[in-house]
């Protein structure tokens, strides 16, 4: 090539552009899904008085912030200088979103346990949680493959947040089912409280800029 670009370089550039396109599609899909999930979860939480559903709805809202940060990172990929800057900033934004969620969920869970406020059963909440258990791991695995291909810690953290939603959904589903079938009202805030250490650890690692070894370098 006249400008020093080899055929291998061009192939690598095309492959990266394909990864970016796939990442954009998956991140937009995650964002739109979370819009619907947040709306339904918050509606169900108001109807049932469920702190776990409220926490899940807020989690979906915070995940939107992480998705927006990931979109910015992806749209900046073509410019190497902007890529490095957006990588660092997006990783910190995603980390902060985890930490904010952990603080909110912890406060609300302890408040409800202290007040012994029993939620009503929520079939809508159970349906939302069950859907997330199915959908989120599919999105998370696909986004992880993109993040590893691009060697992006920020995108990997955002994919981890999507996978975290799977765990939160399973915990939420368990709490809602126990409340609906056995009347164990305390299962709801305890389910929410069980989310806190998982969320906080992921957030702290991301906020400090820690990446998995496969994404560094």
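No lab work stands behind these numbers, since they all come straight from the coordinates. Everything numeric in this text was worked out from a predicted model, so none of it was measured. FYI the Cβ positions are ideal-geometry reconstructions off the backbone, even for glycines, and counts take in every protein chain you see.
Some values worked out for this structure:
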read-out: Residue in the stretch 107-117 that is outside any helix (DSSP H, G or I) and more than 15 Å from residue 195 (Cβ to Cβ) present; value: yes
read-out: Given (1) surrounded by fewer than 17 Cβ atoms within 10 Å (Cβ to Cβ); (2) part of a helix (DSSP H, G or I), index of the condition residue 78 fails; value: (2)
read-out: Residue under evaluation residue 33, criteria (1) within 25 Å of residue 204 (Cα to Cα); (2) under 12 Å from the mean Cα position of the chain (by Cα), criterion not met; value: (1)
